[in-house]
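Beneath this line is the structure, given in structure tokens, with notes to follow.
Derivation of every value follows stated rules applied to the coordinates shown; laboratory data play no part. As the structure is a prediction and not an experimental result, all values here were calculated from the model. With ideal geometry, Cβ positions are generated from the backbone for all residues, glycine too; neighbour counts draw on all protein chains shown.
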Amino acid sequence: MEEIERKHVEVNGLKLHVAEIGRGSSPAVVFLHGFPEIWYSWRHQMIAVAKAGFRVIAPDYRGYGLSDPPPEPEKATFMDLVADLLALLDALSLSKVFLIGKDFGALVVSIFTLLHQDRVLGFATLGVPFMPPRPPTYHQYLPEGFYMSRWKEPGRAEADFGRLDAKTIVKNVYIMFSKSEIPIAHEGQEIMDLVEPSTPLPSWFTEEDLATYGALYEKSGFRTALQVPYRSMDGAKLEINDPKVEVPALLIMGEKDYVFKFPGIEDYIRSGAVKSFVPNLEEIAFMPEGNHFVQEQSPDENFRTKKSLQEMEEIEHKYVQVNGLKLHVAEIGRWSSPAVVFLHGFPEIWYSWRHQMIAVAKAGFRAIAPDYRGYGLSDPPPEPEKTTFMDLVADLLALLDALTLSKVFLIGKDFGAAVVSIFTLLHQDRVLGFATLGVPFRPPGPPTHHQNLPEGFYISRWKEPGRAEADFGRLDAKTVVRNVYIMFSKSEIPIAREGQEIMDLVEPSTPLPSWFTEEDLATYGALYEKSGFQTALQVPYRSMDRAKLEIKDPKVEVPALLIMGEKDYVFKFPGVEDYIRSGAVKSFVPNLEIAFMPEGNHFVQEQSPDEKGIDKIEDYVRVNNQRCSFLSCRQYTCRKVPILCMSSSQQVNKLILNFLKNNSS
């Protein structure tokens, strides 16, 4: 927030307060607020869009926030706001911009785009669809106590608001507008009386947020805010023969937005009638739990840093005694809930599942992620060089017994998928279902990849006793992890040339993947500094040849999910892509769904936690725990797939960013 700059810009004889972030030379995005909002309502999106490489501008309208009031507020109109926007673009030397409007800001966007389409690269509206400017008719179909009818009446809102301080008025409006019903007062009741003083704020709106709004409305008052939008709507009319706009557009609506209850609005949107005016409306995005303040309620996970840290702090850590060793276990969620056990790969630890653990716990499950023996904070085995996959399987069984878990969901990544496969074959009665990422289910047996790959194939090199130790030993643990993350994030198999070691494949100047932070690296580095790589080299790499079970029919009947990044280097292993895409894997796992992440690499759960991978895991356990029914799906929020009910969990920032990127040439 401190990076957002504030200034005043002279437009049409008034000084407008403008918040701005991002490089001046970047494509510009202008955010237009609604009521009772100010520029601050866009704080999450401003930071997100600026980080994505855009210049972001959010003004307070005339008479709102820190902007000058007009000389005669009672004469202000929508056309004044449109004229101010045009003057602001000229003052900032912006020839073309993206416009994002919320609530009545959507009407400002609509009018501006109709009049100045040559200045608009594209637009998005939230909570209110594009509409040709004309006087509204809602009040004709709603009771006299309809809040807009009351606020249009000169003096009535002033008397109602005058009983309270500005902070309480904002609080009441946020509470009312967060509900799914239109605010309508009874006869003899005023609009502010619809909110009991003891009603708490919405969970996503803090006391600090309220204080910010309250202080600014204490300064500006509500005189202009009542005039525009409420008392100037009847004048919001333009004589345009063909009120159609051709620029790309996006509409975001919360499914629980009270605006859907306005007569005709839901049909106008869902029927597609809105597209007769906006033919390039690329997407209408419905947020299942979204209300009228969806941009504040559901900002992208990437911009909830403080909340994410708090959620990480909710993950509990403990040690569980299994087979003579203390295993470190991370856990979150209610003990009485169905359990999901996450099994990591290499060079990972429990931490690689941090995003999914929080998501799954929020969905009502108990999430458990151990570090294997010899990994992370778990005890090393007495003789690491003798460790096998069967030891990890035995540890998992003992862990479930220690935690008194009779049946669980298993989620395994990388070689964790092999642990899942073996465990499920041996103990299918303990498994509700499983998912694997990056590696498909395979009957246990010695791998044959090395037979068809050069001598410098990384697994062949790491299988050779002492070679990886000498290679890794030239570097600190943090750099080893860094190099492996960089190598495994690519779409090609790491193969060294003759005379070259695997660590030499990564130049010291190569940056980390964009989704993997220095803080993440430090976390991994510190733990591998403690544990070393002795057990990690033994399992998986030096025990693969022993991962064999004599099972006549290695088939599992439990529900299963496979998530593969399309750019995962594992696809280049001989036979793997055909085994997956041909459906051959289903001869062993008949109840399998396969999901491909178009941009996903081998670390898809860390790379794309807020995309469909996390949804698929969450939906997978939900469906197979009989917590989701296709009967609850609605055509416009779900699409049926063989196993999953795919709910729309895309968040506001991602939708806006995708829209901007798709339309920035």
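Return an integer: the convex hull volume of the alpha-carbon atoms of the range 5-46, in Å³ per residue. Spread over its residues, the Cα hull of the range 5-46 gives 95 Å³ apiece.
Considering helices alone, the calculated mean residue ellipticity of the chain at 222 nm is -8500 deg cm²/dmol, with DSSP H runs of length four and up weighted by -39500 (n - 2.57) and normalised per residue. Computed from the Cα positions only, the extents of the range 403-491 along the three principal axes stand at 45, 31, 27 Å, in decreasing order.
Rounded if a/c is under 1.5, else prolate if a/b beats b/c, else oblate: with a ≥ b ≥ c from the C-alpha gyration tensor eigenvalues square-rooted, which is the range 163-203? Oblate, since a/c reaches 1.5 and b/c is not below a/b. The range 22-68 and the range 334-398 have Cα centres spaced 43 Å apart. When the chymotrypsin sites (Phe, Trp or Tyr not before Pro) in the range 317-405 are filtered for DSSP coil states and for at most 13 other beta-carbon atoms within 10 Å of their beta-carbon, the remaining sites are W335. Between 0 and 90 degrees, the angle of helix 78-91 with respect to the longest Cα principal axis of the chain falls at about 60 degrees.
Under the combined filter of DSSP loop state and at most 15 neighbouring Cβ atoms within 10 Å, the range 514-578 retains these trypsin sites (Lys or Arg not before Pro): K548, K552, K555. Rg ratio for the range 1-154: its Cα radius of gyration over 2.2 N^0.38 Å, N being its residue count, equals 1.06. Restricting the calculation to Cα atoms, the chain yields a radius of gyration followed by a Dmax of 28.8, 89 Å. For the chain, the longest principal axis of the alpha carbon atoms and the long axis of helix 305-314 meet at an angle near 50°. Each DSSP beta bridge with both residues in the chain is either parallel or antiparallel, and the antiparallel ones are about 35%. Taking 21 Å as the limit for the C-alpha separation, the pairs K386/K490; K102/K171; K96/K244; K463/K572 exceed it in the case of K386/K490.
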